[in-house]
Amino acid sequence: TPTIGVLALQGDVREHRAALEAAGARTVALRRDSELDAVDGIVIPGGESTTMSRLLRVFDLLEPLRARLKEGLPAYGSCAGMILLATEVLDTRSDAEHLDALDITVRRNAFGRQVDSFETDLDMSGVDGGPVRAVFIRAPWVERVGSGIEVLARVPQGPAEGRVVAVRQDGVFATSFHPEVTGDLRVHRLFVEAVRSHAGAR
Ligand code: GLN
């Protein structure tokens with residue numbers, strides 16, 4: 001059974017732990033760099049990316065986590081977690097840090113005031129059994145993907161039609177939306193399987 005750390009500085013930690021455990025992983029709430037050695041993968045939850053960025057520095061986790069990601073630690077970020085995993089972030093605070101684990105440019109709070117929170121069904125590559133209910137809460141979207149990035153999902157219709165909202169690069173995943181709040185475990189299962197095969201290959 002893989003052990004997955006859920007970054008527990010801020011955000012919807014409990015929902016991710018519940019979904020990961022239901023999907024067959026062991027989880028730990030991760031707050032210290034020493035705990036990084038014991039995990040096979042990490043989830044960065046939704047919440048507020050600039051606050052999480054500040055807390056990563058306060059808890060001396062920023063550099064150790066960046067280093068572990070660079071070594072190939074599998075990771076999944078939802079919403080604020082997507083922002084933190086990116087190499088470039090638009091419309092954020094100038095002092096906000098990110099982890100440079102996914103070669104993408106993300107626009108924070110991209111959907112704007114009118115429709116800042118909404119739900120839609122979308123098809124997600126790698127997830128079988130029909131569309132995923134995607135819950136967007138002041139979500140980012142992806143404006144640029146690097147050459148190694150696989151696009152897993154786009155907004156299917158409406159003013160943001162075609163915008164990229166789920167990506168993957170090897171063992172690193174990110175979604176603009178929050179599968180941890182819907183009870184549909186398929187996205188978490190996809191990540192748990194990626195962590196399992198990465199841990200098995202080591
Ligand atoms: N708007 C938040 C941010 O910029 C993300 C929102 C979320 O994670 N639900 O960090």
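The values are calculated or read from the model by the stated rules, or taken from the named source; none is laboratory data. None of these values were measured; they are calculated from a predicted model. Here the Cβ positions follow ideal geometry from the backbone for every residue, glycine too, while neighbour counts run over all protein chains shown.
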query = Can you find a residue in region 80-93 that is among the β-branched types (Val, Ile, Thr), near the ligand (Cβ under 9 Å from one of its atoms) and closer than 13 Å to Val167 by Cα?
reply = yes
First in region 1-25 and within 14 Å of Pro179 (Cβ to Cβ) and in a loop (DSSP other than H, G, I, E, B), second anywhere and aromatic (Phe, Trp, Tyr) and modelled with pLDDT of 95 or more, Cβ under 8 Å, 6 or more apart = Ala23/Phe191
key: Yes/no for Ala174 being out of contact with any Asp or Glu (no Cβ under 9 Å at 6 or more places or on another chain) and in contact (Cβ under 8 Å) with a residue 60 or more places away in the chain   = yes
note = Residue pairs within 7 Å by beta carbon, gap of at least six or interchain, first lying in region 137-148 and part of a loop (DSSP other than H, G, I, E, B), second surrounded by 16 or more Cβ atoms within 10 Å (Cβ to Cβ) and of a type in the set (Ser, Thr, Tyr), listed first then second, are Ala139/Ser176; Pro140/Ser176
note = Conditions (1) in a strand (DSSP E or B); (2) within 22 Å of Arg189 (Cα to Cα); (3) polar (S, T, N, Q); (4) away from the ligand (no atom under 16 Å from the Cβ) -> Thr120 fails only (4)
remark   = If we ask which residues in region 157-175 are surrounded by fewer than 15 Cβ atoms within 10 Å (Cβ to Cβ) and in contact with a strand residue (DSSP E or B) (Cβ under 6 Å, 6 or more places away or on another chain), their number turns out to be 1
